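Quick note: the coordinates plus some simple rules give every number you see, no bench work behind them. Keep in mind the model is a prediction, meaning the values are calculated, not measured. In this analysis, Cβ positions are derived from the backbone assuming ideal geometry, glycine residues included, and neighbour counts consider all displayed protein chains.
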Amino acid sequence: MKKIFLTLAAAMLTIAPAWCQQNAQQPLIASNDAIHQAASTGEWLPDAPAKTAKKAKNIIIIIGDGMGTAQVYASVVAQKGASNFLRFPFSGFSRTFSSNKYTTDSGAGGTAIVCGRKTDNYHIGVLPDGTPIPSFLTMLRDQGLATGFVVTSSVLDATPASTYAHVPYRKMYDTISLHMSQCGFDVMIGGGVHNFRPENRHDGLNPIDTLLKRGYEITYSLQDMMNAKSKKLVTLFCENYYGPVAPGRDPILYEGAKKALDILSKDPDGFALMIEGSQIDWACHNNDAPYMQAELADFEKMLGFVLDYAEKDGNTLVVVTADHETGGLVLLGGDIENGTNKCKYITDGHSGVMVPVFAFGPGAERFSGIQNNIEILPKVFNAMGRKCYLNDPESPAK
Ligand SMILES: [Zn+2]
């Protein structure tokens, strides 16, 4: 009996350190360094967090173009304590430099977020050497999820284009629109019909025909978008860019997000959606504080709807960030009671400061701390427990 007890005790002593060691080696949250190293060396990070952690079925990445911490705080103040940014349980920062510049443009910034790789300014969905790279939407499309995007700029603008196009220069709109017509996402909503018309193109091609042949319902107004019945929808609101929200732009961001979620959430396999509040950037380029505040208020409304959805659904990860800050905005004072800010801009271009990252839903804890913008995507895929061909050289960029 004594011998058995001693044997058991010895066995416990052997097992215990091994068990402790294993747990010490498998932290619940993979460190930023480990993810960054994996992202830059081509070695894919194993799914480190606990196997029991709930996986996100759906992902919504929301980009506030040009939305730095000062822009977010200006919105928090303006909402007088009712800001939707206050609903996120986890937040962090993102370092936005591109592969060739301290200060990124929206091409390299968007590509870093949605494709998880650094590239040179003005590049879209390609590495600095021109190699095409897939975005989270194309990767998850290939894994059977419903996919889409909604923007308040043109569908051909740098940020949305990063999700489906592969060009070395962001203004190659003819090529970008061809790539869009072939990308196969289920929902694409924004402005920019101009380059889809054969008479406005250098090649005389008709990407609208391609979209129709691929079974899309194409609408050109808010009302028609809201009434659309198809599971595959393209909405091109205007010739190029929609105007600012303040003089009475239709609520395209809110209604677009609503329509996109309505269609995409019907897929039993889950969905991936990118939403961009594009004109926060334009307002800050213009150093126009009222324009910026109106775009932020519009963004807040969309955010409230998305968070309500995610809260109710329980399986949706929502990540909100910016590609870069615009305007070098400084808040010099204001009135908390009245929700006003005294805004000063120090540039009409972008700045290189870190931008905020907010996360809500399964896996949201991964996004706290200071991260590189290319670390956001691997974290998203790990939170979903899904395959990412981020660093697979064999992977075709479709
Ligand atoms: Zn900009």
All aspartates and glutamates inside 18 Å of Lys301 as judged from Cα atoms, apart from same-chain residues fewer than 8 positions distant:
Asp65, Asp250, Glu255, Asp262, Glu276, Asp281, Glu311
Treat every Asp and Glu Cβ in the range 271-343 as -1 and every Lys and Arg Cβ as +1, leave all other atoms uncharged, and give the resulting dipole magnitude about the Cα centre to the nearest 20 debye.
40 debye
Other-chain or far-sequence residues with amide H under 5 Å of Ile275's (modelled H):
Ile61, Ile62, Ile63, Val150
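By average Cβ neighbour count within 10 Å, what is the ranking of 200-209, 87-96 from highest down? Each step should come with its number before you reach the end.
Working: 200-209: 14.1, 87-96: 18.6.
Put in order of decreasing packing, that is 87-96, 200-209.
Shape call for the range 30-384 from the C-alpha gyration tensor, a ≥ b ≥ c root eigenvalues: rounded (a/c under 1.5), prolate (a/b greater than b/c) or oblate? Kindly include the intermediate steps, with their values, before the conclusion.
Values: a/c = 1.27, a/b = 1.09, b/c = 1.16.
It is rounded, given that a/c, with a ≥ b ≥ c, falls under 1.5.
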By a straight-distance test (C-alpha under 30 Å), which lysines pair with Lys213 as possible cross-link partners, with residues fewer than eight away in the same chain excluded?
Lys171, Lys229, Lys231, Lys232, Lys258, Lys259, Lys266, Lys398
Residue among Thr235, Gly204, Ala289 farthest towards the positive dipole end of the range 30-384, charges placed on Cβ:
Thr235
For the range 164-176, Karplus-derived ³J(HN,Hα) couplings (6.51, -1.76, 1.60; θ = phi - 60°; whole Hz; x for glycine and proline) come out as 9, 9, 9, 9, x, 9, 5, 9, 7, 5, 4, 5, 4
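Taking N as the number of residues in the range 112-245, what value does Rg over Cα atoms divided by 2.2 N^0.38 Å take? Show your work: numbers first, answer last.
Details: Rg = 14.3 Å, N = 134, 2.2 N^0.38 = 14.1 Å.
Compared with the compact-globule rule of thumb, the range 112-245 sits at 1.01.
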Applied in sequence order to the range 274-280, the curve 6.51 cos²θ - 1.76 cosθ + 1.60 (Karplus, θ = phi - 60°) yields integer Hz couplings, x standing for Gly and Pro, of 10, 10, 10, x, 7, 8, 4
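Once you sort the root eigenvalues of the Cα gyration tensor of the range 285-379 as a ≥ b ≥ c, which label holds: rounded (a/c under 1.5), prolate (a/b larger than b/c) or oblate (the other case)?
Working: a/c = 2.45, a/b = 1.46, b/c = 1.67.
Here the range 285-379 falls in the oblate category.
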Would you mind putting 327-334, 156-163 in packing order, based on average other-beta-carbon counts within 10 Å, highest first?
156-163, 327-334
Expected output is a single nm value to one decimal: the length gained when fully extending between Ile336 and Tyr220, i.e. 0.36 nm times separation in residues minus the C-alpha distance. What is it?
37.7 nm
Centroid-to-centroid separation of the range 235-292 and the range 75-151 [C-alpha atoms, Å]:
15 Å
If amide H atoms are modeled at 1.01 Å from N in the peptide plane, then the residues at a separation of 5 or more from Gly349, or on another chain, having amide H under 5 Å from its own are Gly327
Sorted by chain and number, the residues with a modelled amide H under 5 Å from that of Gly191, at a separation of 5 or more or across chains, are Ser153, Ser154, Val155, Phe237, Tyr242
